[in-house]
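Reviewing the structure listed below.
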Amino acid sequence: MWGCKGRVAAPSALPPAELQRAKGQSAPSQQSTEPEATVPAITIDKVTKRFLAPGGQTRFIVLDDISLIVGDGEFVSIVGPSGCGKSTLLNIIAGIESYDTGTVTIHPRVAAANAQPRIGYVFQSPRLLNWLTVEKNIHFVLEAQNVPRSKWPDLVAKNLAMVGLAGQERNYPLNLSGGMQQRVAIARALAIEPDILLMDEPFSHLDAITARKLRFDLMDILQRAKPTILFVTHDLSEAVFLSNKIHMMSTRPARIFKRVMIDIPRPRQPEDARVVELEKNLLREFFSVVEA
Ligand SMILES: Nc1ncnc2c1ncn2[C@@H]1O[C@H](COP(=O)(O)OP(=O)(O)OP(=O)(O)O)[C@@H](O)[C@H]1O
Ligand SMILES: [Mg+2]
């Protein structure tokens, strides 16, 4: 899926009590663990998910009692080991995977009254339509989201240029490298100008220079359009550089074992000593839990 309408809560939905608490004191290490007051965009409450085990006789728990809130306009990352259930969680939020217990709520944006939030999704693999040109892949989602045709040329040109693919409009996905295909997928998700952007390791298959440029571009988008971004990554350095909050997940079953608020002021630089120091501390903590 490239863009989808969320399941929307009543416009009057209040921020859960948890979020009404005052923001905690910043720790000297640029992280704190207290939640800050915010208006929610996504509320995941006690979600549990089981899959059928190979053989189909028994079910195993992938997500165990997961609760998290992504505030409107926040950049929130989920970091966890391979196979812990990160993609499953994003698919549940996008409405393309079921769950067993709990609730998932997509809230309408305060500024947009009753309008349903537009959700863009950059999957872990590009999932392009190989029989359509690059441009038509983007048109496909613009049409699905009822974006007026008059805006299509600009949205295609702007977003392909941003991911470094100007001039590739008439090319077909199978003529592009894997990294180029992933960049088309990123352009496609951004073209709908989403209120909520779900990104599943979007830069992990890109070369370091392109990935770095796109992280800065994402920061620009965050400043200008203020979408809510839920971002999955294995890369703690990337998570610290980009995020307002990081949720760290363990595996089998997945639980959130640490929540970190990043207090490093923006604009940030990946090489900033505070980013590097925090990454180092979180990495140590991450390994102490997932390797235990
Ligand atoms: N449709 C399915 N049926 C059965 N098991 C599944 C299904 N989809 C995922 N799983 C299992 O659920 C677990 C979590 O998968 P998921 O893809 O969410 O992990 P992930 O955290 O995104 O991993 P990675 O970082 O490698 O992408 C894995 O054990 C996977 O094998
Ligand atoms: Mg995954």
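Things to note:
- When the criteria are applied in full, residue 231 fails the requirement of being of a type outside the set (D, E, K, R), farther than 11 Å from residue 75 by Cβ and either touching a strand residue (DSSP E or B) at 6+ places or on another chain (Cβ under 9 Å) or at pLDDT below 95 (or both).
- Matching residues, segment 239-254, being buried (at least 18 other Cβ atoms within 10 Å of the Cβ) and not β-branched (Val, Ile, Thr): 239, 241, 242, 243, 244, 245, 247, 248, 249, 250, 253, 254
- Of the criteria (1) crowded, with 17+ Cβ neighbours inside 10 Å; (2) away from ligand 2 (no atom under 16 Å from the Cβ); (3) in a strand (DSSP E or B), which one residue 38 fails: (3)
- Some residue of segment 127-143 being touching a residue at least 24 places away in the same chain (Cβ under 8 Å) and within 16 Å of ligand 2 (Cβ to nearest atom): yes
- Verdict on residue 127 being among the charged types (D, E, K, R), in contact with a Phe, Trp or Tyr (Cβ under 9 Å, 6 or more places away or on another chain) and either away from ligand 1 (no atom under 16 Å from the Cβ) or within 23 Å of residue 218 (Cβ to Cβ) (or both): yes
- Per-region count, segment 212-247, residues part of a loop (DSSP other than H, G, I, E, B) and in contact with a helix residue (DSSP H, G or I) (Cβ under 6 Å, 6 or more places away or on another chain): 0
- Search result, residues across segment 158-175 that are assigned to a helix (DSSP H, G or I) and surrounded by fewer than 16 Cβ atoms within 10 Å (Cβ to Cβ): 158, 161, 174, 175
- Residue count, segment 221-259 (criterion: of a type in the set (D, E, K, R), away from ligand 1 (no atom under 16 Å from the Cβ) and closer than 27 Å to residue 50 by Cα): 3
- When 219, 199 are checked against the criterion of being under 14 Å from the mean Cα position of the chain (by Cα) and within 16 Å of ligand 2 (Cβ to nearest atom), 199 stands alone in meeting it.
- Matching residues, segment 229-238, being of a type in the set (Ser, Thr, Tyr) and crowded, with 24+ Cβ neighbours inside 10 Å: none
- Residues of segment 72-98 that turn out to be within 11 Å of ligand 2 (Cβ to nearest atom) and either aliphatic (A, V, I, L, M) or without any contact (Cβ under 8 Å) to a residue 40 or more places away in the chain (or both), as a count: 5
- Test result for residue 186, touching a residue at least 24 places away in the same chain (Cβ under 8 Å), farther than 24 Å from residue 235 by Cα and surrounded by 22 or more Cβ atoms within 10 Å (Cβ to Cβ): no
- Residue in segment 11-31 that is at pLDDT below 80, surrounded by 19 or more Cβ atoms within 10 Å (Cβ to Cβ) and within 19 Å of residue 247 (Cβ to Cβ) present: yes
The values are calculated or read from the model by the stated rules, or taken from the named source; none is laboratory data. Computed from a predicted structure; not experimentally measured. Note that we place each Cβ from the backbone using ideal geometry, even for glycine, and neighbour counts take in every protein chain shown.
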